[in-house]
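Okay, so here's the structure we're looking at.
The values are calculated or read from the model by the stated rules, or taken from the named source; none is laboratory data. Being a predicted model, the structure only gives us computed values, none of them experimental. Here Cβ is always computed from backbone atoms with ideal geometry, including for glycine, and neighbour counts include all displayed protein chains. Quick note on the areas: whole protein, heavy atoms, side chains included, nothing else; ligands and nucleic acids left out. Shrake-Rupley method; radii C 1.70, N 1.55, O 1.52, S 1.80 Å.
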Amino acid sequence: MSIRHVCAYLAVLSVATAVSAAPVILDPGFEFPVQPVNQWEQAGGAGGGTLVGANWAFSSSAGIMRDVSAFQGGGVVAPEGSQFALIQAAGTITQTLSGFDPGKLYQLIVSQRARSGQTNDLQIRMDGQLVGAGRTNNMNFSDYSTPFFTVASAGPVLEFAATNPAGGDKTTFFDNVRIAEVTVSGPTLTNPGFEDGVLPASPGYGMASGWTSSSTERTGVNDASGPFLNGQAIPEGSRVGFIQYTAASTNSLSQMIAGLTPGQRYQLIYDEGERGQSGAVAGGSATLDGATTIVPFHQVRRLTGMHEVHSLPFVATASTAGLTVSNTSVAGDNTLLLDNFRIRLLDGPVVGDSGFESPIQPDNNWEQATGAGGGTLVGSLWTFAGGAGITRNISAFQSNSHVAPEGVQHAILQGRGARMTQTIDGFIGGVQYQLSLLTMARQHAQYGNDLEVILDLGLPTERMILDMSEVTFNKFTEVLSDPFMASKDSYTLTIRADLDGGRLTGDRTTFVDDVQINILVPEPCTLALTGLVVAGLGGYVRRRRHAGHR
Ligand SMILES: [Ca+2]
Ligand SMILES: [Ca+2]
Ligand SMILES: [Ca+2]
């Protein structure tokens, strides 16, 4: 992520703030009824205590346990008070709560652990809606925070359920249930970099705080020592999340994005990678509210480090949106790595087909204005010339490895004279803008060429706003143009390849995707960067001003 975006996201994202906890949970610590010393009770009758008078309802294998019962072997002590809840194998514990305000945003925190040497899962539901889930395999009590959730009634039913997917005698313990109303200002994700909460025991399967897991045994969190991260650089902080393949199903991590403004355009950005086992190919995708695909299914191979994924731009229809990121396995023993989720506000003029997703090219094919390729450019909102065109995943241009960072297609600029042009309306005079795009060099022969972005090419108002004398990135990297002040409402935008005054030779191709123009808000931390092109992690930009525009 660029420094510019660190600043921007700090401005846009706000830390969730818990305020007065209006929701009422009776006996959130399972302290009543008091069990006899060294005893417990399950609703089915096991144990030497009682559940009469409890505020919770228990299925037969669920109950309440006191410190330190014979049940526990290892001598488990409650993290709050002297009692806690247990569910042995599969079962549920429920309570009808009160004091909620439908439509408001809430978050539940529970302290949970597994019985020594065991694993189980723990699902948390409000009125039947899954609000949190993951594997309990830690042998010490630790807090798990659900994603944000809303409720439909003032008195929802809270349910803790263990589903014991592996069968056998497995027990999960939990205690100290807390629910707080959450207020956010601006788009907010919970634990977007997987830095919060306990690090699950090796190999890392477990609860990812702030996220809900579809498959409690196949998702989790790794740090630098983790087998799924497998030696790759961590894009943000010291941990990444992961979704491992399973042959029979799609596995996913989910949470709620809060603080969106209906009608506003946004983009989800995150870092993605693959573990790197022999022949492994993960299948990444992301949806909103289970219905809108914002990151289409694409193949993910281990490359030189994790790389940015930019979603298709989307318009918020409500203040919240349910995000689900999935791995639909393609081949081998694969694992999708994830980190550093963030939301970008798209507030500038709309670039038509900013990600070169239309027209759709045939599978594994491309088309250039020269006629090369097996696809078509008819109907594109861009005008292509020379070696410029569009490639779909996975074509010969991509050497069967790199794929589009946004959608499933990206632009190609092969050789001098390759260019693509579009008239952009909707600028506001006096407002300062900045263009961003993702670019990399084709990993082939002489690599990339000289990439230039020009406003009003050939007109008296012509201005070059980005000039990279040679694109050398070996993975898609975001670059930013010079800031520019609009003086009218419409400009022609030209993105072209040059040879840097003849210095570059050979068959060079530069890839481009996700061209966006945003309003540049002069925040204190970005002022110092004005005029610089800032490279993302692992890359760099060499940039040189031409003496004059050619
Ligand atoms: Ca307790
Ligand atoms: Ca991280
Ligand atoms: Ca694209």
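Does Gly197 meet the test of being of a type outside the set (Val, Ile, Thr), within 16 Å of ligand 2 (Cβ to nearest atom) and closer than 15 Å to Phe141 by Cβ?
Yes.
Before we move on, is Gly134 assigned by TED's automatic domain parsing to the domain that holds Ile25 and assigned to a loop (DSSP other than H, G, I, E, B)?
Here the answer is no, as Gly134 does not meet what is asked.
Does any residue of the stretch 221-237 turn out to be over 28 Å from Val330 (Cα atoms) and modelled with pLDDT of 95 or more?
yes
Within the stretch 242-254, is there a residue that is assigned to a loop (DSSP other than H, G, I, E, B) and surrounded by 22 or more Cβ atoms within 10 Å (Cβ to Cβ)?
Yes, the stretch 242-254 contains at least one residue that is assigned to a loop (DSSP other than H, G, I, E, B) and surrounded by 22 or more Cβ atoms within 10 Å (Cβ to Cβ).
With respect to Ala233, determine if the residue is within 15 Å of ligand 2 (Cβ to nearest atom), open to solvent by 60 Å² or more (accessible area, probe 1.4 Å) and in contact (Cβ under 8 Å) with a residue 60 or more places away in the chain.
Working: within 15 Å of ligand 2 (Cβ to nearest atom): yes; open to solvent by 60 Å² or more (accessible area, probe 1.4 Å): yes; in contact (Cβ under 8 Å) with a residue 60 or more places away in the chain: yes.
Against the criterion (within 15 Å of ligand 2 (Cβ to nearest atom), open to solvent by 60 Å² or more (accessible area, probe 1.4 Å) and in contact (Cβ under 8 Å) with a residue 60 or more places away in the chain), Ala233 qualifies.
Restrict the check to the stretch 214-221 and report whether at least one residue is of a type outside the set (Phe, Trp, Tyr), within 12 Å of ligand 2 (Cβ to nearest atom) and crowded, with 19+ Cβ neighbours inside 10 Å.
yes
Any residue at all in the stretch 325-340 that's outside the structural domain of Asn449 (by TED's automatic domain parsing), at pLDDT 95 or above, open to solvent by 10 Å² or more (accessible area, probe 1.4 Å) and farther than 24 Å from Gly417 by Cβ?
Initial filter on the stretch 325-340 (outside the structural domain of Asn449 (by TED's automatic domain parsing)): 325-340.
Still in the list and also at pLDDT 95 or above: 325-327, 334-340.
Of the ones still in play, those that are also open to solvent by 10 Å² or more (accessible area, probe 1.4 Å) are 326, 340.
From the residues that got through so far, the ones that are farther than 24 Å from Gly417 by Cβ too are 326, 340.
Yes, the stretch 325-340 has at least one match.
Inside the stretch 473-494, can you point out the residues that are part of a strand (DSSP E or B) and under 28 Å from the mean Cα position of the chain (by Cα)?
Correct list: Thr477, Glu478, Val479, Leu480.
Among the residues of the stretch 349-361, is any modelled with pLDDT of 95 or more and more than 14 Å from ligand 3 (Cβ to nearest atom)?
The answer is yes; a qualifying residue exists.
Using the structure shown, decide if Glu406 is closer than 21 Å to His307 by Cβ and away from ligand 1 (no atom under 16 Å from the Cβ).
So Glu406 passes the test.
Somewhere in the stretch 425-438, is a residue within 13 Å of ligand 3 (Cβ to nearest atom), closer than 21 Å to Asp271 by Cα, in contact (Cβ under 8 Å) with a residue 12 or more places away in the chain and not aliphatic (A, V, I, L, M)?
no
Got at least one residue in the stretch 421-437 being more than 21 Å from Ser380 (Cα to Cα), open to solvent by 40 Å² or more (accessible area, probe 1.4 Å) and part of a strand (DSSP E or B)?
Looking through the stretch 421-437, at least one residue is more than 21 Å from Ser380 (Cα to Cα), open to solvent by 40 Å² or more (accessible area, probe 1.4 Å) and part of a strand (DSSP E or B).
Could you tell me how many of the residues in the stretch 120-141 are closer than 14 Å to Gln72 by Cα and open to solvent by less than 60 Å² (accessible area, probe 1.4 Å)?
Residues in the stretch 120-141 being closer than 14 Å to Gln72 by Cα and open to solvent by less than 60 Å² (accessible area, probe 1.4 Å): 1 in total.
Please enumerate the residues belonging to the stretch 239-259 that are in contact with a Gly (Cβ under 9 Å, 6 or more places away or on another chain) and either within 13 Å of ligand 2 (Cβ to nearest atom) or within 15 Å of Thr317 (Cα to Cα) (or both).
Within the stretch 239-259, Arg239, Val240, Gly241, Phe242, Met256, Ile257, Gly259 meet the criteria.
Would you mind stating whether Asn164 is surrounded by 18 or more Cβ atoms within 10 Å (Cβ to Cβ), within 18 Å of Ala78 (Cα to Cα) and touching a residue at least 60 places away in the same chain (Cβ under 8 Å)? Full working, then the answer.
On the way: surrounded by 18 or more Cβ atoms within 10 Å (Cβ to Cβ): yes; within 18 Å of Ala78 (Cα to Cα): no; touching a residue at least 60 places away in the same chain (Cβ under 8 Å): yes.
No.
Identify, by number, the condition in (1) more than 25 Å from Leu520 (Cβ to Cβ); (2) not in a strand (DSSP E or B) that Ala497 doesn't meet.
So Ala497 meets the others, but not (2).
Do the conditions hold for Leu451, that is, is it open to solvent by 40 Å² or more (accessible area, probe 1.4 Å) and among the aliphatic types (A, V, I, L, M)?
no
Go through the residues of the stretch 100-108 one by one and say whether even a single one is closer than 17 Å to Asn55 by Cα and at pLDDT 95 or above.
Among the residues of the stretch 100-108, not one is closer than 17 Å to Asn55 by Cα and at pLDDT 95 or above, which makes the answer no.
If I ask for residues that are among the polar types (S, T, N, Q), open to solvent by 20 Å² or more (accessible area, probe 1.4 Å) and either more than 28 Å from Arg344 (Cβ to Cβ) or within 16 Å of ligand 2 (Cβ to nearest atom) (or both), which ones from the stretch 358-409 would you list?
Across the stretch 358-409, the qualifying residues are Asn364, Asn365, Thr370, Thr376, Ser399, Asn400.
Do you know which residues across the stretch 183-204 are touching a Ser or Thr at 6+ places or on another chain (Cβ under 6 Å), polar (S, T, N, Q) and either part of a loop (DSSP other than H, G, I, E, B) or within 16 Å of ligand 3 (Cβ to nearest atom) (or both)?
Answer for the stretch 183-204, where residues must be touching a Ser or Thr at 6+ places or on another chain (Cβ under 6 Å), polar (S, T, N, Q) and either part of a loop (DSSP other than H, G, I, E, B) or within 16 Å of ligand 3 (Cβ to nearest atom) (or both): Ser185, Asn191.
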